[in-house]
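One structure is given below, encoded as structure tokens.
The values are calculated or read from the model by the stated rules, or taken from the named source; none is laboratory data. Quantities reported herein were computed from a predicted structural model and do not represent experimental measurements. Here the Cβ positions follow ideal geometry from the backbone for every residue, glycine too, while neighbour counts run over all protein chains shown. In case anyone asks, the SASA skips ligands and DNA or RNA and just uses the protein heavy atoms, side chains included. Shrake-Rupley method; radii C 1.70, N 1.55, O 1.52, S 1.80 Å.
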Amino acid sequence: MATPDQWLAGARPRTLPAAVSPVLAGTGVAAYADGLVWWKALLALVVALALQVAVNYANDYSDGIRGTDAGRVGPMRLVGSGAATPAAVKRAAFLAFGVAAAAGLVLAAATAWWLVAVGLVSVLAAWFYTGGSKPYGYLGLGEVMVFVFFGLVAVVGTTYVQTESWEWAALAPSLGAAVGVGALACAILVANNLRDIPTDTVSGKRTLAVVLGDRRTRGLYVGLVVLAAAAVLAVAAVTTWWVLAGLGFLVLAGPAARTVRGGATGPGLIPVLQQTGLAELLWAALVAAALAAGG
């Protein structure tokens with residue numbers, strides 16, 4: 001039986017900024033558009049956090065039963081380490097999915113029922129990242145789906161459930177914020193998969209990093225940081241120049257990019273994951289604060 005500390009580690013709390021950030025950014029846009037609804041923002045946060053935990057446990061389960069996690073460097077793997085049975089980890093994933101679904105249903109009931117379909121697709125995307133017979137995470141598509149669901153869907157969705165409007169004044173900045181947040185969420189996954197190139201290659205997991213190779217994956221990471229910076233400029237251009245404060249995320253993302261460019265491998269890339277997650281959170285917090293103040 002896994003201990004509570006092991007279950008907590010298996011939930012990979014360092015990835016949670018990727019769930020908080022899009023809700024922060026989307027709520028900032030809603031505040032700028034005079035559509036802020038706090039209780040909906042909190043429910044959106046519950047959905048995002050529960051989905052992040054669910055996908056972490058689901059990945060632990062699916063990679064564990066395939067043997068992909070054998071010899072991995074990084075966070076606790078419950079199945080791979082033998083600390084918990086595959087069935088127990090699968091139940092934990094489904095429990096987290098249930099929490100996300102319950103909060104999502106409340107949001108849909110209060111906003112629009114078609115959001116149920118968006119939620120269902122999000123859950124399926126989370127499960128089939130490494131689950132099923134042909135997981136798309138093994139086909140180099142993980143970064144694409146992270147950008148779509150933890151960038152576009154999460155940010156624009158958070159804004160919409162509060163404003164209940166597709167007017168350009170809210171849509172334009174939410175799309176810009178989605179690009180910035182999505183780019184940094186992808187950068188977290190890129191750094192993770194860069195670290196795991198040796199073990200993923202041996203196990204047959206063809207992540208985008210395995211396909212691109214070490215050198216080009218490092219270039220992709222830097223490019224995503226640059227894209228996040230460009231997104232700050234884009235949001236500022238359509239809202240308020242106070243948003244340029246969002247460039248402060250480079251205080252954390254800059255050193256992480258230098259580490260990646262410097263050729264760090266294995267355990268040397270673990271700090272990059274934390275720095276990138278915090279950089280994404282800082283991006284969202286600074287941009288959201290500027291939008292709320294300028295609204």
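Would you mind stating whether Ala256 is in a helix (DSSP H, G or I), under 24 Å from Ala41 (Cβ atoms) and in contact with a helix residue (DSSP H, G or I) (Cβ under 6 Å, 6 or more places away or on another chain)?
Numbers: in a helix (DSSP H, G or I): yes; under 24 Å from Ala41 (Cβ atoms): no; in contact with a helix residue (DSSP H, G or I) (Cβ under 6 Å, 6 or more places away or on another chain): yes.
Taking the combined requirement at face value, the residue does not satisfy it.
Kindly evaluate Val238 against the criterion of being open to solvent by 60 Å² or more (accessible area, probe 1.4 Å) and modelled with pLDDT of 95 or more.
Values: open to solvent by 60 Å² or more (accessible area, probe 1.4 Å): yes; modelled with pLDDT of 95 or more: yes.
Against the criterion (open to solvent by 60 Å² or more (accessible area, probe 1.4 Å) and modelled with pLDDT of 95 or more), Val238 qualifies.
Determine which member of the set Tyr136, Tyr129 is among the hydroxyl-bearing types (Ser, Thr, Tyr), surrounded by fewer than 20 Cβ atoms within 10 Å (Cβ to Cβ) and more than 27 Å from Val243 (Cβ to Cβ). Show your work before the answer.
On the way: Tyr129 fails: surrounded by fewer than 20 Cβ atoms within 10 Å (Cβ to Cβ).
From the options Tyr136, Tyr129, the qualifying one is Tyr136.
What number of residues within segment 195-213 are touching a Leu at 6+ places or on another chain (Cβ under 8 Å) and either outside any helix (DSSP H, G or I) or open to solvent by 10 Å² or more (accessible area, probe 1.4 Å) (or both)?
Final tally of qualifying residues: 4.
If I filter segment 258-272 for residues that are of a type in the set (Lys, Arg), in contact (Cβ under 8 Å) with a residue 12 or more places away in the chain and open to solvent by less than 60 Å² (accessible area, probe 1.4 Å), do I get at least one hit? Step through it out loud before you land on a result.
Initial filter on segment 258-272 (of a type in the set (Lys, Arg)): 258, 261.
Within this subset, residues satisfying the condition of being in contact (Cβ under 8 Å) with a residue 12 or more places away in the chain are 261.
With the extra rule that they be open to solvent by less than 60 Å² (accessible area, probe 1.4 Å), the set shrinks to none.
No.
So Ala183 clears everything in (1) open to solvent by 30 Å² or more (accessible area, probe 1.4 Å); (2) modelled with pLDDT of 95 or more; (3) of a type outside the set (D, E, K, R) except one condition, right? Which one?
Failed condition: (1).
Among the polar types (S, T, N, Q) and either in contact with a Cys (Cβ under 6 Å, 6 or more places away or on another chain) or crowded, with 24+ Cβ neighbours inside 10 Å (or both): is that true of Thr159 in this structure?
Judged against the criteria, Thr159 is a match.
Can you find even one residue in segment 82-96 that is hydroxyl-bearing (Ser, Thr, Tyr), open to solvent by 30 Å² or more (accessible area, probe 1.4 Å) and assigned to a helix (DSSP H, G or I)?
Residues of segment 82-96 that are hydroxyl-bearing (Ser, Thr, Tyr), as a first pass: 85.
From the residues that got through so far, the ones that are open to solvent by 30 Å² or more (accessible area, probe 1.4 Å) too are 85.
Checking which are assigned to a helix (DSSP H, G or I) leaves us with none.
No, segment 82-96 contains no residue that is hydroxyl-bearing (Ser, Thr, Tyr), open to solvent by 30 Å² or more (accessible area, probe 1.4 Å) and assigned to a helix (DSSP H, G or I).
Quick check, is Ala228 surrounded by 16 or more Cβ atoms within 10 Å (Cβ to Cβ), within 16 Å of Val146 (Cβ to Cβ) and modelled with pLDDT of 95 or more? I'd like the intermediate steps shown before the answer.
Numbers: surrounded by 16 or more Cβ atoms within 10 Å (Cβ to Cβ): yes; within 16 Å of Val146 (Cβ to Cβ): yes; modelled with pLDDT of 95 or more: yes.
When the stated conditions are applied, Ala228 passes them.
For segment 26-44, state whether one or more residues are modelled with pLDDT under 95, of a type in the set (Asp, Glu) and under 28 Å from Ala285 (Cα atoms).
Yes, there is a match, as at least one residue in segment 26-44 is modelled with pLDDT under 95, of a type in the set (Asp, Glu) and under 28 Å from Ala285 (Cα atoms).
Within segment 25-34, is there a residue that is among the hydroxyl-bearing types (Ser, Thr, Tyr), within 20 Å of Leu184 (Cα to Cα) and open to solvent by 20 Å² or more (accessible area, probe 1.4 Å)? Can you show your working first?
Taking segment 25-34 as the starting set, the residues that turn out to be among the hydroxyl-bearing types (Ser, Thr, Tyr) are 27, 32.
Add one more test, that the residue is within 20 Å of Leu184 (Cα to Cα), and what stays is 27.
Right, trim to open to solvent by 20 Å² or more (accessible area, probe 1.4 Å) and you get none.
Checked segment 25-34: no residue is among the hydroxyl-bearing types (Ser, Thr, Tyr), within 20 Å of Leu184 (Cα to Cα) and open to solvent by 20 Å² or more (accessible area, probe 1.4 Å).
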